[in-house]
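Q: Dropping a structure here in C-alpha cells format, bear with me for questions.
The values are calculated or read from the model by the stated rules, or taken from the named source; none is laboratory data. What you are looking at is a predicted structure, and each value in this text was computed from that prediction instead of being measured. Because the Cβ atoms are built from the backbone with ideal geometry, glycine has one as well, and the counts that use them run over all protein chains shown. Each accessible area value is taken on the protein alone, full model and side chains, heavy atoms only, with ligands, DNA and RNA left out. Shrake-Rupley method; radii C 1.70, N 1.55, O 1.52, S 1.80 Å.
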Amino acid sequence: MKSHKKSNSTITTLMITLFICIISSANSHATSDLEKISTIVNHKFYQENLGVGVAIAIIDGDKTEFLNIGVADQVSNQAVTSATLFEIGSITKTFTATALASMAIEEKINLSDPIAPYLKSSVSLSESNDKPITFLSLANHSSGLPRLPNNMPFSDPLDPYADYSIEMMYQFLNNYTPTRGVGEQAEYSNLGAGLLGHLLSLIDNKSYQSMLNERVLKPLNMSNTFIDVPLQRLKELSDGHNEQLNKTKHWQLPALAGAGAIKSNTIDMVKYLHANMTKELLSEQFTLTQTATSPFGSPNTKIGLSWIINNGKSNSFYMHNGGTGGFRSFIGFDPKQQKGIVILANSVFDMDDIGYAYLTNTLDKIVLNKPVSVDEKQLAKLNGKFELVPNFVLTVTHEKDQLFVQATGQPKLSLKAVSATEFINQAVKARVVFEINNQGEAQSLTLFQGGQTLPGKKL
C-alpha cells in the first residue's frame with residue numbers, strides 16, 4: 001500500500017513524467033468489443049480533447065482486428081493507419097528481455113551471471129551485501145539501480161535522453177553506491193533496462209538494432225520495427241504531441257536504447273503480440289520471459305523478464321506500457337482467454353484503461369467524462385498559490401475558460417473541469433479539488449495523484 005505522507009520526491013512526480021479494418025471473418029464478441037473501444041476513443045478524442053491519433057489491434061482467439069482513429073500529423077492531416085509508426089517507449093523493454101532470453105537459451109550467458117565481467121574493464125560496479133548485479137536483476141528491476149542516473153544533463157527537456165552517452169553511463173556506474181542489495185526490492189529502472197540492452201549489444205558485438213534484428217525481429221518477420229527509422233520510411237512516422245496537443249520532439253536514446261527506443265506499427269506489434277500469446281515462434285524465449293521471477297509492487301502483481309503479470313480475481317494477464325515525450329503505448333494479453341491488445345497513441349494521453357478493460361472484459365464499466373463548462377469569472381476565483389510542502393507550491397491561473405496549474409520548477413499544465421470545483425489532468429493522472437468560501441473563492445485545494453492525498457493551503 002502506498003503511503004499518504006507528503007514528500008518532495010512524491011510531489012515532484014506531479015509534472016514529470018475511425019477507421020475499422022476487419023482482417024478475419026466477423027466474430028460477434030470481438031466486433032462488439034471493437035465497437036465499444038471505438039466509442040470510448042472517439043469520446044476521449046472529440047469530447048474530452050485527449051488525443052490526436054491512435055492505432056489499435058485486438059486479438060480474440062483466431063480473429064484479429066485493427067482500429068485507427070485520428071491523424072498522424074496536424075499539418076497534412078494524414079490519417080493514422082495500421083502502417084503508421086509510433087514510438088512504443090518502455091514496451092521496448094520486453095524486446096530487450098526477449099533478446100536476453102535468446103542468449104540464455106544459447107548458453108551465451110546465464111541469467112544469474114554477474115554483469116561486471118561483460119562490461120569494459122574501465123567500469124567498476126559497487127556491491128551491496130556482497131550481491132552483484134545480474135542479468136536477471138536488470139530484467140526484473142531488482143538490481144538496486146535508480147530509475148534514472150543522476151548525471152543526465154537534460155540539456156533539452158523535450159528530448160531528455162539525447163545527450164546522455166555511454167561514457168556518462170559508465171561514469172555514473174563507477175561512482176554509484178547501491179542503497180540496497182540486489183533482489184531486495186523492485187524499483188522500476190530505465191537505467192537498468194538501458195544497461196541491459198547495452199550489455200547484450202557488447203556480447204553480440206553488434207549495435208542494439210542489429211542485435212535485436214537477429215534475435216527477435218527477423219524470426220518474427222517484423223520488418224516495420226526500428227530504433228532509427230530509415231529515411232525512406234520517415235513519411236510513415238507519426239508526430240508526437242504534448243498535453244496541449246501540439247507537435248513535440250521525437251526522443252533519442254543513444255545510451256539507453258534498450259529501455260525505450262523502438263518505433264513500430266500495429267502491423268508488426270500484432271505479430272509480436274500473437275507470438276507471445278501462442279508461442280508458435282521463439283517458444284522457449286517467450287516461455288522464459290513470461291515466467292514469474294519476483295513480486296512487483298503489490299501482492300497480485302509479479303514480474304517475469306520485463307513482462308508485468310497481473311493476477312486478478314477472474315483472470316491473469318501479461319502487460320507493459322510505454323511513454324515518451326509525445327507518445328503512449330500499451331500491450332497486454334491473456335493466454336488462457338487467447339485475448340490480446342496493443343494500443344499506440346501519438347499524444348501524452350495514455351489509453352491504458354482501455355487495455356485493462358479489454359483484457360478483463362470490463363469495457364462497459366469505463367466512465368466517459370461529460371464536458372463541463374465553468375464560467376470564466378468563477379475560474380478567476382480559483383487562482384492563487386497553494387503550498388503543498390515548504391517551498392513547493394502549486395500556482396493556479398486561468399486564461400479565458402481554461403484553468404492551469406504549475407508546480408514549482410515544472411511546466412504549466414491544463415486542467416479540465418469535472419465540476420465547478422473539481423479538475424483533472426489525464427496526462428499525469430492527477431485530480432485537483434478546491435475548497436471554496438461562500439463567495440466561490442478558493443481557500444485551499446487537495447491534489448490526488450498516484451494514491452497520494454496532498455492538501456495545500458492558499459498563500
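Q: Quick one: how many residues across the range 416-432 are in a strand (DSSP E or B), open to solvent by 10 Å² or more (accessible area, probe 1.4 Å) and closer than 13 Å to Leu379 by Cα?
A: 3
Q: Count, please, the residues in the range 391-415 that happen to be open to solvent by 70 Å² or more (accessible area, probe 1.4 Å) and small (Gly, Ala, Ser).
A: Selection size over the range 391-415: 1.
Q: Of the residues Gly332, Gly326, Gly355, only one is open to solvent by less than 10 Å² (accessible area, probe 1.4 Å) and assigned to a helix (DSSP H, G or I); which?
A: Gly355
Q: Against the condition surrounded by fewer than 13 Cβ atoms within 10 Å (Cβ to Cβ), farther than 17 Å from Leu119 by Cα and modelled with pLDDT of 95 or more, how does Gln232 come out, does it pass?
A: In short, yes.
Q: Just checking: which of the helices (runs of 4 or more DSSP H) contained wholly in the range 255-320 hold 3 or more residues that are open to solvent by 50 Å² or more (accessible area, probe 1.4 Å)?
A: Those helices (runs of 4 or more DSSP H) span 266-278, 283-289.
Q: Continuing with the same structure: Go through the range 96-139 and give me each residue that's of a type in the set (Gly, Ala, Ser) and in contact with a helix residue (DSSP H, G or I) (Cβ under 8 Å, 6 or more places away or on another chain). Write out each step before concluding.
A: Within the range 96-139, the subset of a type in the set (Gly, Ala, Ser) is 97, 99, 101-102, 104, 112, 116, 121-122, 124, 126, 128, 137, 139.
Passing the criteria: Ala97, Ala99, Ala101, Ser102, Ala104, Ser112, Ser122, Ser124, Ser137, Ala139.
Q: Of the residues Leu202, Leu158, which is open to solvent by 40 Å² or more (accessible area, probe 1.4 Å), touching a Gly at 6+ places or on another chain (Cβ under 7 Å) and either in a loop (DSSP other than H, G, I, E, B) or farther than 17 Å from Gln252 by Cα (or both)?
A: Just a single option satisfies the conditions, and that option is Leu158.
Q: Under 7 Å between Cβ atoms, which residue pairs at least 6 apart in sequence (or on different chains) link something in the range 181-199 that is at pLDDT 95 or above and open to solvent by less than 30 Å² (accessible area, probe 1.4 Å) with a partner that is among the charged types (D, E, K, R) and in a helix (DSSP H, G or I)?
A: The qualifying pairs are Ala193/Lys93.
Q: Criterion first (assigned to a loop (DSSP other than H, G, I, E, B), at positive phi, in contact with a Lys or Arg (Cβ under 8 Å, 6 or more places away or on another chain) and not hydroxyl-bearing (Ser, Thr, Tyr)) does Gly440 satisfy it?
A: yes
Q: Here's something else I'd like to know. Find the residue count for the range 269-318, including only residues that are among the β-branched types (Val, Ile, Thr), more than 20 Å from Leu138 (Cβ to Cβ) and in contact with a Ser or Thr (Cβ under 9 Å, 6 or more places away or on another chain).
A: Residues in the range 269-318 being among the β-branched types (Val, Ile, Thr), more than 20 Å from Leu138 (Cβ to Cβ) and in contact with a Ser or Thr (Cβ under 9 Å, 6 or more places away or on another chain): 1 in total.
Q: Okay, moving on. Any chance the range 240-247 includes a residue that's farther than 20 Å from Val71 by Cβ and either in contact with a Lys or Arg (Cβ under 6 Å, 6 or more places away or on another chain) or open to solvent by 10 Å² or more (accessible area, probe 1.4 Å) (or both)?
A: Looking only at the range 240-247, we keep the residues that are farther than 20 Å from Val71 by Cβ, and these are none.
No.
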